[in-house]
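J.: Sharing a structure below in structure tokens format, with a few things to ask.
None of the figures in this text is laboratory data; all of them are computed from the coordinates on show. For clarity, every value in this text was computed on a predicted model and none was experimentally measured. With ideal geometry, Cβ positions are generated from the backbone for all residues, glycine too; neighbour counts draw on all protein chains shown.
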2 protein chains.
Amino acid sequence: MAHNFRIIEDCLKCSFREQRLFCDLSREALIRLQNIKATSIYPKGALLCLEGQAPRGVFVLCTGRAKLSTTSSEGKSIILRIAEPGEVLGLTAAVSGTPYEATVETLEPSQANFISQGDFVRFLQEYPDVGLRVAKQLTHNCKCAYGEIRSLGLSNSVPEKLAKLILQWAERPLDFPGRRPHETAIRVTLTQEEIAQFIGTSRETVSRVLTGFRRRGWIRVKGATWTILNRAALEGLVTT
Amino acid sequence: MAHNFRIIEDCLKCSFREQRLFCDLSREALIRLQNIKATSIYPKGALLCLEGQAPRGVFVLCTGRAKLSTTSSEGKSIILRIAEPGEVLGLTAAVSGTPYEATVETLEPSQANFISQGDFVRFLQEYPDVGLRVAKQLTHNCKCAYGEIRSLGLSNSVPEKLAKLILQWAERPLDFPGRRPHETAIRVTLTQEEIAQFIGTSRETVSRVLTGFRRRGWIRVKGATWTILNRAALEGLVTT
DNA sequence: GTAAAACTGTGACGGCGGTCACCAAATCAC
DNA sequence: GTGATTTGGTGACCGCCGTCACAGTTTTAC
């Protein structure tokens, strides 16, 4: 697949900076960041860090998305959240000096800036606005986690959880020439196995529930593009 | 019930300060804190803040423990975690300016220091060590939440989850004159209903599973005091 | 291109645990 | 104390969904 993948070399010139959770720092902090960061490009499926490892530092995700997951000793695993560009990963571990909480795997070809543990802690202490950004990222992590707990603990059924997930994705819909204005299209890059891990169920059940949604004409699935045809019906399943 | 409940008036003289997550601040910060805090005493069952409310400020829990929970529109609710003395509550809301994520209810008669939103934000910006403590508290929240996600999403059965919870509580056992050294006693102040909400199941199932543990001689229950008689058996149920 | 691997769809089966119902026990209120 | 309320124990029922099995489809690798 031919990607128009462009490396962001200079954080000061990064055009996305202001929309991002972590990167919108003061000029001084950015200049410093420029010196302590190490930029890398990762293919799809690369592992940035592993649950349980001693923290080596943090990663600022510049482009691409990544999956944060945790695994039981039996090999069963669950997705904690999907990280978007502009997020700092490995923060909990870096702040508290404890092992990484999650395994981070890129879902797409990605660029990330690595900052070593020592540099990051100094960076945090020197620039007050970094502390604020760190707090924002940590609150974001908490909110995602609480959402996941609500999904796992308060939902009554798998159809409800799946509907909730689809509706959440639908908050940022695709737009393309020729789309019907009353339909919402989304791009789903997770496999059904991964969706199952996200909502805490089995792959087979995801497949079955999805088939149910399609049969009833609530959604249309064409490859990775899903189109929501009857949003009200999906919303009707959701109680929370 | 006669409590030997003593109010902590002066944070500078608080003897617990150093062991606590938030309170171990610099002398200057503590003096400032002294001026912006408003100390209150709450009975058991008091609600400090409600999920969905606009944030008014944060609470520093001085004595007593509190239950953080979130509720679905159907009235089903789940416990996110139990907060211990020294924690700051309402932090996520205060940092991001969004509604409280959880309802906070005291489990015991408690003392808490309230700091208004505005004062807290200024406090945070003025004293660098406050930022660090805030980060520690937020990472603690994240870790608890991830633990809860693992419990809800990766456990196979209710017996496993309950065993895990009991073993977690057993990390801080009771000690009293005459206890047998190979037995671990814990004090359980949650009702079975609350335990059910903690591990995402129904009250009846908790009762049944607990009965099973007792019948097999793994634990002994006498009022709020539970004694673990066969730790290995409980550990055998846990896979994660 | 072709083969291998990964992903998806679906049937059959059975058990865990949710729900309802009801009573016993403990605790609270006064 | 005595009654009211909350909490705990247990039986019966049954449906959701996890698991196993296998076939069909799509993507990857070369």
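J.: For residue A:179, place a label point 7 Å out from Cα along the Cα→Cβ vector, do the same in each other copy, and report the separations in nm, one decimal, smallest first.
T.: Sorted ascending, the copy-to-copy spacings read 6.0 nm.
J.: In whole Hz, what ³J(HN,Hα) sequence does segment B:133-145 give by Karplus (6.51, -1.76, 1.60; θ = phi - 60°), x for Gly and Pro?
T.: 5, 4, 4, 4, 4, 5, 5, 4, 4, 4, 4, 4, 5
J.: For residue A:65, what residues show an amide H to amide H distance below 5 Å, using hydrogens built from the backbone and excluding near sequence neighbours?
T.: A:107, A:108
J.: Next question. For residue B:222 and residue B:84, what does the FRET efficiency come to when R0 = 22 Å and r is the distance between their Cβ atoms, rounded to the nearest 0.05?
T.: On the way: r = 25 Å, r/R0 = 1.12.
The value I calculate is 0.35.
J.: Calculate the FRET efficiency for residue A:76 and residue A:207 from the Cβ-Cβ distance with a Förster distance of 25 Å, rounded to the nearest 0.05.
T.: On the way: r = 18 Å, r/R0 = 0.72.
For residue A:76 and residue A:207, the calculated efficiency is 0.90.
J.: Here's a follow-up. How do A:203, B:133 rank when sorted from fewest to most other Cβ atoms within 10 Å of their own Cβ?
T.: On the way: A:203 14, B:133 19.
Fewest-to-most Cβ neighbours within 10 Å comes out as A:203, B:133.
J.: What average number of partner chain Cβ atoms lie no more than 10 Å from the Cβ of the residues making up B:118-125?
T.: If you average over the peptide's residues, the count of other-chain Cβ atoms is 1.
J.: Cα convex hull of chain B: mean projected area in nm², to one decimal? Please list the in-between numbers first.
T.: Values: hull surface 57.3 nm².
With the hull built on Cα positions only, its mean projection is 14.3 nm².
J.: Additional query: With the contact rule set at Cα under 8 Å and sequence spacing of 6 or more, what percent relative contact order holds for chain B?
T.: Values: 382 pairs, mean separation 44.3, N = 240.
Once normalised by length, the contact order is 18 percent.
J.: GNM, chain A, Cα, under 10 Å: largest mean-square fluctuation among A:44, A:164, A:76?
T.: In the Gaussian network model the winner is A:76.
J.: Looking at the P(r) of segment B:57-179, how many percent of alpha-carbon pairs lie beyond 27 Å?
T.: Details: 2085 of 7503 pairs.
Value for segment B:57-179 (Cα pairs over 27 Å): 28 percent.
J.: List the GluC sites (Glu not before Pro) within segment A:129-234 that fall in a DSSP loop (any state other than H, G, I, E or B) and whose Cβ has at most 15 other Cβ atoms within 10 Å. Walk me through the numbers on the way to the answer.
T.: Details: sites: A:148, A:160, A:171, A:183, A:193, A:194, A:204; in loops: A:171, A:183.
In loop regions of segment A:129-234 (DSSP not H, G, I, E or B), the sparsely surrounded GluC sites (Glu not before Pro) are A:171, A:183.
J.: Oh, and also: Treating the Cα atoms of segment B:1-94 as identical point scatterers in vacuum, please give the log10 of the normalised Debye intensity I(q)/I(0) at q = 0.13, 0.15, 0.17 Å⁻¹, two decimals.
T.: The Debye formula, applied to the Cα set alone, gives -0.52, -0.68, -0.85.
J.: Once label points are set 7 Å from the Cα along Cα→Cβ at both residue A:17 and residue A:40, what is their separation, rounded to one decimal in nm?
T.: Here the modelled spin labels are 2.5 nm apart.
J.: Could I ask something else about it? How large is ³J(HN,Hα) for each residue in segment A:35-52, as worked out from phi by the Karplus curve 6.51 cos²θ - 1.76 cosθ + 1.60 (θ = phi - 60°), to whole Hz, x for Gly and Pro?
T.: 8, 9, 8, 10, 7, 9, 10, 10, x, 4, x, 6, 9, 7, 8, 10, 3, x
J.: How much mean residue ellipticity at 222 nm does the protein assembly as shown get from its helices, if each DSSP H run of length 4 or more adds -39500 (n - 2.57) and you divide by all residues, to the nearest 500 deg cm²/dmol?
T.: Details: 16 runs with 186 residues, N = 480.
The per-residue figure over the protein assembly as shown is -12000 deg cm²/dmol.
J.: Got the residue B:27 label distances to the other copies yet, label 7 Å along Cα→Cβ, in nm, shortest first?
T.: 3.9
J.: After finding the eigenvalues of the alpha carbon gyration tensor for the protein assembly as shown, what semi-axes result from the square roots of 5 times each, listed largest first in whole Å? Could you put the intermediate results ahead of the total?
T.: Details: eigenvalues 279, 199, 92 Å².
Largest first, the protein assembly as shown gives 37, 32, 21 Å.
J.: With a cut-off of 15 Å, note down the residues of segment B:111-127 whose backbone N falls inside the zone around a label point 7 Å from the Cα of residue B:28 toward its beta carbon.
T.: B:123-127
J.: Compute the convex hull volume of the Cα atoms of segment A:1-56, divide it by the residue count, and report the result per residue in Å³ as a whole number. Before the final figure, lay out each step's value.
T.: Numbers: hull volume 7.2 nm³, N = 56.
With only Cα atoms used, segment A:1-56 gives 128 Å³ per residue.
J.: Using θ = phi - 60° and the Karplus form 6.51 cos²θ - 1.76 cosθ + 1.60, what ³J(HN,Hα) does each residue of segment A:59-72 get, whole Hz, x for Gly and Pro?
T.: The phi angles translate into 10, 9, 7, 8, 9, x, 10, 9, 9, 9, 9, 9, 10, 7 Hz.
J.: Separate question: Per 0.36 nm of contour for each residue apart, how much would the distance between residue A:179 and residue A:191 grow if the chain were fully extended, relative to their Cα-Cα spacing?
T.: Numbers: separation 12, 0.36 × 12 = 4.32 nm, distance 2.42 nm.
Gain on stretching residue A:179 to residue A:191: 1.9 nm.
J.: Another question about this same structure. What residues qualify as long-range amide H neighbours of residue B:87, i.e. H under 5 Å apart, gap of 5 or more or another chain, H built at 1.01 Å from N?
T.: B:61
J.: Could you state, as a whole-number percent, how many of the C-alpha pairs of segment A:104-162 are farther apart than 13 Å? Numbers along the way, then the final one.
T.: Values: 1291 of 1711 pairs.
Cα-Cα pairs of segment A:104-162 separated by over 13 Å account for 75 percent.
J.: Continuing with the same structure: How do A:95, B:238, B:134, B:221 rank when sorted from fewest to most other Cβ atoms within 10 Å of their own Cβ? Numbers along the way, then the final one.
T.: On the way: A:95 22, B:238 17, B:134 25, B:221 13.
Taking fewest neighbouring Cβ atoms as first place, the list is B:221, B:238, A:95, B:134.
J.: Please work out the Cα center distance from segment A:31-49 to segment B:132-192, rounded to the nearest Å.
T.: 36
J.: Which loop GluC sites (Glu not before Pro) in segment A:24-129, with loop taken from DSSP, have no more than 14 other Cβ atoms within 10 angstrom of their Cβ?
T.: Details: sites: A:28, A:51, A:74, A:87, A:101, A:105, A:126; in loops: A:51, A:74, A:87, A:101.
Of the GluC sites (Glu not before Pro), the ones in loops of segment A:24-129 whose Cβ has at most 14 other Cβ atoms within 10 Å are A:74.
J.: For residue A:191, which inter-copy label distances result when the label point lies 7 Å beyond Cα on the Cα-to-Cβ vector, reported in nm to one decimal and in ascending order?
T.: From this label point to the equivalent ones elsewhere in the assembly: 4.6 nm.
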